[in-house]
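The values are calculated or read from the model by the stated rules, or taken from the named source; none is laboratory data. All figures in this text were calculated on a predicted structure; none of them were measured in a lab. All Cβ positions, glycine included, derive from the backbone under ideal geometry; neighbour counts span all protein chains shown. We work out accessible area using only protein heavy atoms, side chains counted, and drop any ligands, DNA or RNA first. Shrake-Rupley method; radii C 1.70, N 1.55, O 1.52, S 1.80 Å.
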Amino acid sequence: MKMHKHFGLVLTACLVLSQLFTPAFLLPAQAANTVTVQGKVMSGTTGSLLLLDTPQGKMEIKIDNATDTTAGKILLPDQAISVTVTGGSDGYLHATKISTGNQIGNVIVDTNNTVDVTGTLNQNTKDNDLHLDTPQGEMIIRLDPSTEMGSCAFLVLNGKYRITCGRGSDAYLHAVKIADASSASNSSGAVNGDNSAYPFVNGTVDSKTTNNLLYLSTTGGTMQFVIDNNANTLKGLMMTSGRSLTVYYYHGNDGYLHAVTTVGARSSSSASVNTASTLTATGTVNGNSTENMLFLDTPQGQMEIKLDSVNAINGCRVLVTNQRISVTCASGSDAYLHAVTITAK
C-alpha cells in the first residue's frame, strides 16, 4: 500500500510538470491556469528575465510589471525561491508571483527627510540588506515590503539603481523608492540644501569621542564615525559630551562609517567682527563648551569666545574636552570675542 501511495504522488507531480512544458500550458499570460515551481536563481538573471535552476532542469521565466513582488524583491544567484508561473502567447513562461521568503518586520521610516543615492548593487547584498557601491563608498540600505519599485520588478546584482532613502526607527537607512538608473545621471537632488548624495543621522556626542572617532548616541544605539582630514566640520565643530549633532556620512571600504559633514545646533549672529585687529589665546577646551561658545581655560583664567565666525581649523577637524588649542580672535560689535581661526597645539 505504501508503494502505491508514493507512486501516486510521483505520478501527480509528473502530470503537473508535463502540463508545464507542453504547448497546452502556454496560455495567455493573464489566464487562470498557473503552476508553482521551486528552484535557485542563476547568474545572468535580469530584472525582466529570471533564469531558474530547478530539479527538472533550467527554466527561463519572464518578469512583468504585473508580477507580484510583495513576498520578495531581490533575486540573488543561488537564492532559493518559489515562482508561480503561467504561459504566455509569446512562447515564454511568465511569473505571476515570486516569493523569496526574505521579509522583515514593519519599521517606521522618516519619509519627510530623504536622500537620493545612485549606485550599483554589489555581491555583499544579502536578504533585504542592499549593498550599494556609490562614488562615496559602499552604502547599506534596507528593503521594505512598502518600497516603491517603479519600473524595477526585481533588483539584481550589478544593476544600477537610484534609491530614495529615509531613516528607519531601527537606525538603518530604508529604501522608500527605487528606480532603474542604468541610463540615468548620477546627480542627486538637494537635501536641506547640503550633502545631497549622503544619508544623515541625528544624535548627541558620546563622552568616548576623540579627535578622529566620533561616538554618536542615536535612538537606535551608538554609532561610530571616522573623522577624516577632508571632513567638513566647520558647522559642527564642538564635540564635547552631550552636544546635539547631525552627521552626513558614507560607508568606507575599511568597514567604518565616515563623516562627510557635521552640523551642530548654532544660533545665528548679527554681530560685525573686526578681523583687522586680532589677538591669539592658547588654552584647553572646557567640557561646557557648545557650538555657540568656546570656553577656553587659560593660565590667566577662562575665556568665552564665540564660534560663529570660524573660517579655518588647523591640525585637527573637531574640538573635544581638554584639547589644547590656539585661537585667533577678533572683537565683535556685541562686545564678545569671536574665533576666526583655531589651531591644534
Scalar couplings 3J(HN,Hα) for the stretch 46-60 by Karplus 6.51 cos²θ - 1.76 cosθ + 1.60 (θ = phi - 60°), nearest whole Hz, x for Gly and Pro, are 10, x, 10, 9, 8, 9, 10, 9, 10, x, 8, x, 8, 10, 10
Taking the alpha-carbon distance from residue 306 and a cut-off under 19 Å, which aspartates and glutamates remain once sequence neighbours fewer than 8 residues away in the same chain are dropped? 291, 297, 334
Could you put 144, 334, 133 in order of accessible surface area, largest first, with the 1.4 Å probe and the full protein assembly present? 133, 334, 144
Alpha carbon Rg of the stretch 114-166, scaled by the compact-globule rule 2.2 N^0.38 Å: 1.03
Solvent-accessible area, 1.4 Å probe, carbon plus sulfur percent, for the stretch 288-342: 44
Derived scalar couplings ³J(HN,Hα) [the stretch 80-93; Karplus, 6.51 cos²θ - 1.76 cosθ + 1.60; whole Hz; x for Gly, Pro]: 7, 9, 10, 10, 8, 10, 9, x, x, 5, 8, x, 9, 7
Keeping all protein chains in place, calculate the accessible area per residue for the stretch 112-158 (probe 1.4 angstrom), answer in Å². 42
If you count, for each residue, the other Cβ atoms within 10 Å and average over each peptide, how do 126-132, 220-226 line up from highest to lowest? 126-132, 220-226
